[in-house]
Structures are given as structure tokens and as C-alpha cells.
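**Student:** Once you've had a glance at the structure underneath, I'll fire off some questions.
The values are calculated or read from the model by the stated rules, or taken from the named source; none is laboratory data. Computed from a prediction, not measured in an experiment: that's the story for all the values here. Here the Cβ positions follow ideal geometry from the backbone for every residue, glycine too, while neighbour counts run over all protein chains shown. Calculation scope for accessible area: heavy atoms of the full protein, side chains included, ligands and nucleic acids excluded. Shrake-Rupley method; radii C 1.70, N 1.55, O 1.52, S 1.80 Å.
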Amino acid sequence: MEFSVLTLPGDGIGIEVTREAIRVLQHICQKFGHKANLSEALLGGIAIHKTGSPFPAETEALCQQADATLMGAVGLPEFDNWPPEKRPERGLLGIRKTLGVYANLRPVRSYASLLDSSPLKNHLVDGVDMIIVRELTGGIYYGTPRGITEEGSGHRGTNTMTYTTEEIARVTRMSFELARNRRKKVTSVDKSNVLETSQLWRRVVVEVAKEYPDVELNHLLVDNCAMQLVLNPKQFDVVVMENMFGDILSDEGAVLAGSIGMLPSASIGTRKPNGYWVGLYEPVHGSAPDIAGQNKANPLGAIGSVAAMLEYSFGMKEEAAAVNKAMEAVLDSGRVTADLRPKGQPATTEQVGQAVCEAIG
Ligand code: NAD
């Protein structure tokens with residue numbers, strides 16, 4: 001198979017972890033006989049330095065052409081006091097909007113060698129393997145009216161939570177498709193005992209579920225879900241929810257795995273004419289200015305994002321599994337970066353990337 005990938009290393013450790021992710025991608029392509037046509041563009045602080053914009057027009061055009069986009073991280077301390085619309089992080093919103101990625105997928109799984117890094121007891125975390133699907137382009141973060149208005153001697157703040165049938169249906173369908181290739185269970189999270197948007201959400205989810213009679217559906221209220229994630233996280237396979245609930249619960253899910261450096265993410269949009277899903281893949285972490293340029297960053301979140309790209313944008317399940325298995329072998333071997341607190345000398349970012357390639361074979 002031949003495909004194109006645009007890389008956007010961005011700022012800080014984004015550059016270091018993306019380099020290792022690409023090393024692994026090229027290794028996989030060599031082993032399985034694929035050809036990845038790679039190109040690179042500017043995003044974030046580095047793009048402001050070189051072009052004046054966090055999301056230059058050239059980057060926008062290139063990401064629309066590529067079959068998939070792999071991002072590092074954006075953000076530089078020198079821009080911390082700039083207005084939001086001029087900061088590097090604005091590049092992130094720009095690319096998500098351009099690509100129309102409406103579902104954010106966060107795989108959360110436990111690794112035997114990292115059980116002690118989790119804040120939960122080992123027996124609760126061992127065997128956790130779920131995907132949290134967050135609706136990414138609707139809900140209260142985008143709804144209008146919004147704003148702060150004067151009222152009497154004070155003010156009133158307003159935000160609006162709003163969803164259409166189509167917005168709910170497409171992210172629900174994606175969740176059922178994912179579940180079909182996993183343990184065939186979807187949990188839909190809402191607050192339908194209070195919110196009308198949640199009542200519509202539940203109604204649409206129930207309707208879409210009829211297209212997938214082989215997949216089990218259950219519903220949880222968001223407050224109960226927050227509790228179940230720490231009481232019994234192993235019960236979950238695919239968990240789908242609206243934007244703000246997903247923003248909050250995906251971070252709760254994230255801590256189950258141990259270090260933030262471990263976590264991949266995938267943001268998925270529509271299918272392209274050539275059959276590939278539009279996808280933006282990135283580790284969950286930021287640019288980590290405190291360790292940038294020191295070859296210390298954990299690249300496994302970025303490498304896991306390559307595995308997600310292979311699986312979701314190119315349907316390469318075997319290749320994705322090979323990357324995930326190699327990451328597990330490297331974790332077991334103890335050749336890991338300092339954030340995972342290895343017993344001996346910590347490995348460098350580069351050594352971990354090389355170790356994953358060696359483990360792939
Ligand atoms: P951060 O994720 O960059 O760092 C938080 C802590 O985790 C730091 O101590 C860092 O050293 C550590 N860490 C993060 N990734 C690591 C890795 N791969 N290996 C080892 N340790 C790692 O979050 P922050 O410090 O709040 O933000 C720094 C900058 O990144 C800010 O400008 C912020 O806006 C930006 N940011 C960008 C993204 C993104 O690009 N998607 C996400 C979050 C934050």
C-alpha cells in the first residue's frame with residue numbers, strides 16, 4: 001500500500017517525539033512492504049517565528065492533500081502572555097477545523113510493567129482496554145448564544161449546549177464501527193435525567209444502535225460514569241459522549257495508564273474519496289518546555305499515535321498490533337524514559353524509538 005503522511009512536529013518535545021514516531025512508521029513500512037510518502041510542515045510557535053501565523057496557509061493546503069497527519073505538540077513559553085487568537089495553540093484549533101475531525105479517540109489501556117504507576121490498585125487497572133470517543137466539534141464549546149452581558153449592577157455569563165441529530169448520529173456510528181472490531185460493547189454517556197440535549201442524544205444513539213444488532217449498547221449518566229471509571233474501568237470497551245463530558249472524562253481515563261507521555265490520540269473526520277478516514281494523530285501531552293531539547297521525552301504517546309493512524313486511517317490492523325506489541329515489549333524490558341521511573345539508567349527518547357523498531361523485528 002502507498003500513502004502520504006504530513007508531519008507537523010511543532011514545538012519543544014514535539015520535534016523529538018515525532019522523529020521517533022516517524023522512525024517507527026518507516027520501520028513498519030519496510031517490514032510490511034508499504035510505502036509512506038512523508039512531508040513536513042510548520043505549526044505552532046515555530047510557524048509564528050517563520051511565517052507570522054500559527055497555522056500558515058501552506059500547512060493548511062498540505063494537510064488537506066495528505067492521507068493522514070501526524071502532529072507533535074505546540075506551545076512555547078515566550079507566547080504565554082499573547083492573546084489567545086495569536087498563540088501557537090490556535091494552530092491546533094485551525095487544523096482540527098480545516099480537517100473537520102469530529103470524533104476524538106483516546107485509547108486507554110494498562111501495561112503490566114506500568115501497573116504501579118497508576119493511582120489505582122493493580123487489580124482494578126490490570127486488563128483495562130477501552131477507547132473513549134469524544135464528540136469534538138459540537139456542544140457547549142461552540143453553541144450560541146454565548147458571552148458575558150451586563151445585567152443590573154452585575155453580569156450574566158451564557159453558554160449554550162446544542163446538538164443536531166446528524167452530529168450525534170455520525171459520532172455514534174463511528175463508535176459502533178470501532179466496537180464491532182473490538183469486544184462489541186458501546187457505553188453511551190449522557191445526562192438525560194436533566195438535559196434535553198442528552199435526551200435527544202440518547203434517542204439518536206438508540207436509533208443508530210439498531211443498525212448494529214451484533215453490538216451491545218448500554219447507557220450511563222455522566223456522574224455515574226465518572227465514578228465507574230475508577231471503581232471498575234475494565235467494564236468499558238467503547239465509551240461515547242458529547243464534547244464537554246468527553247473533555248473531562250478522557251482526562252480521568254488518561255491517568256489510569258500512568259504517565260501522560262504514554263498516551264496517544266486520534267481525531268477522525270469523514271471518509272475521503274479514496275476510502276481513507278481523514279485523521280489527525282497526536283500524543284495527548286504538550287510541548288513540555290521543562291525537558292525540551294534534552295532527549296528525555298517519552299516518545300511512546302507519539303509512537304502509539306502512529307499505531308492508531310495505521311489502524312484507523314489505513315485499516316492496517318496487523319501493523320498497528322505489531323507496534324503496540326513492540327511498545328509493550330520495550331516497557332517490559334525496562335528501556336524506558338525517566339518519567340516511567342526505570343530501575344536503572346533512564347533511556348533517551350532516541351533509544352526508546354530504536355528499541356521499539358528492534359522489538360518489531
Ligand atoms: P505538558 O504536557 O507539555 O507537560 C506537563 C508535564 O508532563 C511536564 O512536567 C512535562 O515535562 C511532562 N511531560 C509531558 N510530556 C512528556 C513526555 N512525552 N515525556 C516525559 N514527560 C512529559 O503540559 P504543560 O506544561 O501544561 O504545557 C506546555 C505547553 O504545551 C503549553 O504551551 C501548552 O499550551 C502546550 N500544550 C499543547 C498541547 C498540544 O499540542 N496538543 C497539549 C497540552 C499542552
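**Student:** Tell me, which residue of the range 90-99 that is among the hydrophobic types (A, V, I, L, M, F, W, C) and in contact (Cβ under 8 Å) with a residue 12 or more places away in the chain is nearest to Ile260 (Cα to Cα)?
**Tutor:** Per the criteria, the residue is Leu92.
**Student:** Could you go through the range 64-80 and let me know if any residue there is exposed (fewer than 14 other Cβ atoms within 10 Å of the Cβ) and not assigned by TED's automatic domain parsing to the domain that holds Gly279.
**Tutor:** no
**Student:** Let me ask something else. Just checking, how many residues over the range 213-263 are more than 20 Å from the chain's Cα centre (by Cα) and within 16 Å of the ligand (Cβ to nearest atom)?
**Tutor:** Looking only at that region, the number is 0.
**Student:** Here's another thing I want to ask about it. Being open to solvent by 50 Å² or more (accessible area, probe 1.4 Å), closer than 22 Å to Ala266 by Cβ, at pLDDT below 95 and in the same structural domain as Ala307 (by TED's automatic domain parsing) narrows it down to one residue among Leu93, Leu38; which is it?
**Tutor:** So the residue among Leu93, Leu38 that is open to solvent by 50 Å² or more (accessible area, probe 1.4 Å), closer than 22 Å to Ala266 by Cβ, at pLDDT below 95 and in the same structural domain as Ala307 (by TED's automatic domain parsing) is Leu93.
**Student:** Any residue in the range 338-358 that's outside any loop (DSSP other than H, G, I, E, B): show its pairings with residues that are of a type in the set (Ser, Thr, Tyr) at Cβ separation under 8 Å, as long as the two are six or more apart or on different chains.
**Tutor:** Correct list of pairs: Asp339/Ser259; Leu340/Ser117; Leu340/Ser259; Thr349/Thr337; Val352/Thr337; Ala355/Ser333.
**Student:** Ile22 passes all but one of (1) within 16 Å of the ligand (Cβ to nearest atom); (2) buried (at least 23 other Cβ atoms within 10 Å of the Cβ); which number fails?
**Tutor:** Against the list (1) within 16 Å of the ligand (Cβ to nearest atom); (2) buried (at least 23 other Cβ atoms within 10 Å of the Cβ), Ile22 comes up short only on (2).
**Student:** Of everything in the range 96-128 that's under 20 Å from Met309 (Cα atoms) and open to solvent by 60 Å² or more (accessible area, probe 1.4 Å), which residue is farthest from the chain's Cα centre (by Cα)?
**Tutor:** Lys97
**Student:** Next question. Confirm whether Asn193 is touching a residue at least 24 places away in the same chain (Cβ under 8 Å), open to solvent by 20 Å² or more (accessible area, probe 1.4 Å) and in contact with a Leu (Cβ under 8 Å, 6 or more places away or on another chain). Give the derivation first.
**Tutor:** Details: touching a residue at least 24 places away in the same chain (Cβ under 8 Å): yes; open to solvent by 20 Å² or more (accessible area, probe 1.4 Å): yes; in contact with a Leu (Cβ under 8 Å, 6 or more places away or on another chain): yes.
Criteria met by Asn193.
**Student:** Here's something else I'd like to know. Within the range 291-312, count every residue that is assigned to a loop (DSSP other than H, G, I, E, B) and under 18 Å from Val133 (Cβ atoms).
**Tutor:** 0
**Student:** Which count do you get for residues in the range 277-290 that are at pLDDT below 95 and in a loop (DSSP other than H, G, I, E, B)?
**Tutor:** 3
**Student:** Follow-up. Taking the range 90-116, which residues are within 12 Å of the ligand (Cβ to nearest atom), touching a helix residue (DSSP H, G or I) at 6+ places or on another chain (Cβ under 8 Å) and not in a strand (DSSP E or B)?
**Tutor:** Scanning the range 90-116 gives Arg90, Gly91, Ile95.
**Student:** Out of (1) open to solvent by 50 Å² or more (accessible area, probe 1.4 Å); (2) touching a Leu at 6+ places or on another chain (Cβ under 8 Å); (3) not hydrophobic (A, V, I, L, M, F, W, C), the odd one out for Lys343 is which?
**Tutor:** (2)
**Student:** Moving on. Please go through the range 160-180 and pick out each residue that is open to solvent by 40 Å² or more (accessible area, probe 1.4 Å) and either in contact with a helix residue (DSSP H, G or I) (Cβ under 8 Å, 6 or more places away or on another chain) or farther than 14 Å from Leu136 by Cα (or both).
**Tutor:** Those that are open to solvent by 40 Å² or more (accessible area, probe 1.4 Å) and either in contact with a helix residue (DSSP H, G or I) (Cβ under 8 Å, 6 or more places away or on another chain) or farther than 14 Å from Leu136 by Cα (or both): Met161, Thr162, Thr165, Arg173, Glu177, Arg180.
**Student:** Looking at (1) under 26 Å from Val133 (Cα atoms); (2) modelled with pLDDT of 90 or more, find the lone condition where Ala257 falls short.
**Tutor:** Ala257 satisfies every listed condition except (2).
**Student:** Another question about this same structure. Being more than 16 Å from the ligand (Cβ to nearest atom), in the same structural domain as Leu105 (by TED's automatic domain parsing), under 19 Å from Glu166 (Cβ atoms) and free of Cβ contacts under 8 Å to residues at least 60 places away in the same chain is the requirement here; does Arg271 meet it?
**Tutor:** yes
**Student:** Need pairs with beta-carbon distance below 7 Å; first residue in contact (Cβ under 8 Å) with a residue 12 or more places away in the chain and more than 11 Å from the ligand (Cβ to nearest atom) and within the range 60-89, second of a type in the set (Val, Ile, Thr) and open to solvent by 20 Å² or more (accessible area, probe 1.4 Å); sequence gap 6+ or separate chains.
**Tutor:** Pairs that qualify, where the first residue is in contact (Cβ under 8 Å) with a residue 12 or more places away in the chain and more than 11 Å from the ligand (Cβ to nearest atom) and the partner is of a type in the set (Val, Ile, Thr) and open to solvent by 20 Å² or more (accessible area, probe 1.4 Å), are Glu60/Thr98; Cys63/Thr98; Gln64/Thr98.
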